[in-house]
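Asks: First, the structure itself, so that you have it in front of you.
The values are calculated or read from the model by the stated rules, or taken from the named source; none is laboratory data. All of these numbers come straight from a predicted model, not from anything done at the bench. All Cβ positions, even for glycine, are placed from backbone atoms using ideal geometry, and neighbour counts span all protein chains on display. Each accessible area value is taken on the protein alone, full model and side chains, heavy atoms only, with ligands, DNA and RNA left out. Shrake-Rupley method; radii C 1.70, N 1.55, O 1.52, S 1.80 Å.
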Amino acid sequence: MEAFTKNVIKIIQHIPSGYVMTYGQIAKVAGKPRGARQVVRILHSMSGKYELPWHRVINIKGEIVIQDDEGAYTQKALLESEGICFRGNKVLNLEKYRYKPDADFLEKELQSF
DNA sequence: CGTCTGACGTGGT
DNA sequence: TACCACGCCAGAC
């Protein structure tokens, strides 16, 4: 498996309850500043094979953008249960809930390439 | 091979 | 704030 893919999985698993990250932010931290769409792809292919808090990943506007209605409802419910408030499908105070991995984690857990 | 497609992001209006 | 056009890039076909 590619280093980038491993990094993405580790980063998502590292997001604490009650926090979120954006697709682009994860891609950047994992080593591909323009890899947001790859993060999307990885989520699609891996969400069933690993224990991933996929619901904590949203777009840069703070919106839930899942196509499937039931999936979107599930994601919103999970985030609300962790204390995050919404207006429609949009997270309020995205910057307040945005998780920023610390340098120590990045250095020890992620593969550089 | 070329083309199309996204659970995206940025910049312009 | 909202919408649009465009850049992006790996898979599917």
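Asks: Name every residue in the range A:67-87 that is open to solvent by less than 60 Å² (accessible area, probe 1.4 Å), in a loop (DSSP other than H, G, I, E, B) and modelled with pLDDT under 95, in order of residue number.
Replies: Within the range A:67-87, none qualify.
Asks: Another question, then. Return the pair list, or none, for Cβ contacts closer than 8 Å from residues in the range A:17-34 that are within 16 Å of DNA strand C (Cβ to nearest atom) to residues that are part of a loop (DSSP other than H, G, I, E, B) and hydrophobic (A, V, I, L, M, F, W, C), at least 6 apart or on different chains.
Replies: Filtered contacts from the range A:17-34: A:THR22/A:ILE60; A:TYR23/A:ILE60; A:GLY24/A:ILE60; A:GLN25/A:ILE60; A:VAL29/A:LEU110; A:ALA30/A:LEU110; A:GLY31/A:LEU110; A:GLY31/A:PHE113.
Asks: Report, by residue number, each residue of the range A:35-57 that is in a helix (DSSP H, G or I) and either within 14 Å of DNA strand C (Cβ to nearest atom) or loosely packed, with under 12 Cβ neighbours inside 10 Å (or both).
Replies: Scanning the range A:35-57 gives A:ALA36, A:ARG37, A:GLN38, A:VAL39, A:VAL40, A:ARG41, A:ILE42, A:LEU43, A:HIS44, A:SER45, A:MET46.
Asks: Looking at A:LYS90, A:LYS61, which is the one that is touching a residue at least 12 places away in the same chain (Cβ under 8 Å), open to solvent by 50 Å² or more (accessible area, probe 1.4 Å) and more than 13 Å from A:MET21 (Cα to Cα)?
Replies: The unique qualifying residue is A:LYS90.
Asks: Considering only residues that are within 12 Å of DNA strand B (Cβ to nearest atom) and of a type in the set (Asp, Glu), which ones fall in the range A:70-105?
Replies: The one that is within 12 Å of DNA strand B (Cβ to nearest atom) and of a type in the set (Asp, Glu): A:GLU70.
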